[in-house]
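Student: Before we start, here is the structure in question, set down as structure tokens.
Here, each number is a calculation from the coordinates, and none is a lab measurement. Every value quoted in this text rests on a predicted model; they were computed, and no experiment measured them. Cβ atoms come from the backbone with ideal geometry, glycine included; neighbour counts cover every protein chain shown.
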Amino acid sequence: NAGVMQNPRHLVRRRGQEARLRCSPMKGHSHVYWYRQLPEEGLKFMVYLQKENIIDESGMPKERFSAEFPKEGPSILRIQQVVRGDSAAYFCASSPEDANIQYFGAGTRLSVL
Amino acid sequence: AQSVSQHNHHVILSEAASLELGCNYSYGGTVNLFWYVQYPGQHLQLLLKYFSGDPLVKGIKGFEAEFIKSKFSFNLRKPSVQWSDTAEYFCAVNGKGFKTIFGAGTRLFVKA
């Protein structure tokens, strides 16, 4: 049973470009969470999704950031017009329905030049 | 507002020393508590969890944590650390199965 898969592991973008981060949850998991980890800081919640629904996006910046979890395919975190401050590690986690334990992917390290 | 506070950002120990990492939380309702570990270059792994019952919980690799409700604490302990325990440790709390709040993390370095 494969774990939570994130790709790419490393992503380099220039300012103003778009970044797309993908997350495939564990098999059987229908809940996906995105977190951002800035240097020397802990994980900050961004968004919680179930299939085709955003449940809680209270941690997501209002502009340039969006997330989706379509019926088919991985969850996508999209950052438009990236800025240097977006450089961070972005972690995805998944959980089975109504469970409290989240299983994490290896993360995507975004570097904005 | 919900928050998790980890007292030490960096801890350096020699092998065989005892470890205790502090974690305090503020949350208005029933809590679930977690410790995650992140080894260098790897993703977060669950070390142990508390949902209910015995407040002293055992985790993997000889770790344990004690939930003290009156102190809003969930400290992580290990009697004798090893070099391979070098990692970053995160305390986390949630209330209803989502929106887990993480502490800032404690970086542990164990000298061989």
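Student: Kindly rank B:4-14, B:82-92 from highest to lowest mean number of other beta carbons found within 10 Å of each residue. It would help to have the intermediate numbers written out before the result.
Tutor: Values: B:4-14: 14.8, B:82-92: 19.3.
Top of the packing list down: B:82-92, B:4-14.
Student: How much net charge surrounds residue B:74 when only other residues with a Cβ under 13 Å from its Cβ are counted (Lys, Arg +1; Asp, Glu -1)?
Tutor: Values: positive: B:49, B:69, B:71, B:77; negative: B:20, B:64, B:66.
Overall, the nearby charge balance is +1.
Student: Additional query: Would any residue of the range B:81-112 have its amide N under 15 Å from a label point 7 Å out along Cα→Cβ of residue B:60? List them or say none.
Tutor: Once the point is set 7 Å along Cα→Cβ of residue B:60, B:84-90 turn out to lie under 15 Å by backbone N, inside the range B:81-112.
Student: Which residue, A:42, A:16, A:73, tops the fluctuation ranking in a GNM of chain A built on C-alpha contacts under 10 Å?
Tutor: Taking springs between Cα atoms under 10 Å, the residue moving most is A:42.
Student: Moving on to the next point. Mind checking the dipole of chain A: about its Cα centre, +1 per Lys or Arg Cβ, -1 per Asp or Glu Cβ, Debye to the nearest 20?
Tutor: For chain A, the charge dipole is close to 580 debye.
Student: Using a Förster radius of 41 Å, what is the FRET efficiency between residue B:16 and residue A:7 based on their Cβ-Cβ separation? Nearest 0.05, please.
Tutor: Details: r = 40 Å, r/R0 = 0.98.
The computed FRET efficiency comes out at 0.55.
Student: Using a simple charge model, +1 on the beta-carbon of Lys and Arg, -1 on the beta-carbon of Asp and Glu, nothing else, what dipole does the protein assembly as shown show about its Cα centre, in debye to the nearest 20? Each step should come with its number before you reach the end.
Tutor: Values: 27 positive and 19 negative charges, 108 e Å.
It comes to approximately 520 debye.
Student: Determine the shielding of peptide A:49-60 by partner chains: average, over its residues, the number of Cβ atoms on other chains within 10 angstrom of each Cβ.
Tutor: 1
Student: Would you work out if the range B:1-43 is rounded, prolate or oblate? Take a ≥ b ≥ c from the square roots of the eigenvalues of the alpha-carbon gyration tensor; rounded if a/c is under 1.5, else prolate when a/b is larger than b/c, oblate otherwise.
Tutor: Details: a/c = 2.51, a/b = 1.78, b/c = 1.42.
Verdict is prolate for the range B:1-43.
Student: Work out the length of the dipole vector of chain B about its Cα centre, built from +1 on the beta-carbon of each Lys and Arg and -1 on the beta-carbon of each Asp and Glu, and round it to the nearest 20 debye. Provide the component values of the computation, followed by the final result.
Tutor: Working: 11 positive and 7 negative charges, 48 e Å.
For chain B, the charge dipole is close to 220 debye.
Student: Rounded to whole Å, give me the distance from the Cα center of the range B:77-112 to that of the range A:78-93.
Tutor: Distance between centres, Cα-based: 24 Å.
Student: I've got another one for you. Jot down the per residue volume, in cubic angstrom and as a whole number, of the convex hull over the alpha-carbon atoms of the protein assembly as shown.
Tutor: Working: hull volume 28.7 nm³, N = 225.
Here the figure is 128 Å³ per residue.
Student: From the mean inverse distance of alpha carbon pairs (Kirkwood) and the Cα radius of gyration, derive Rg over Rh for chain B. Don't jump to the answer; show the numbers that get you there.
Tutor: Details: Rg = 13.4 Å, Rh = 14.0 Å.
Using only Cα positions, Rg/Rh for chain B is 0.95.
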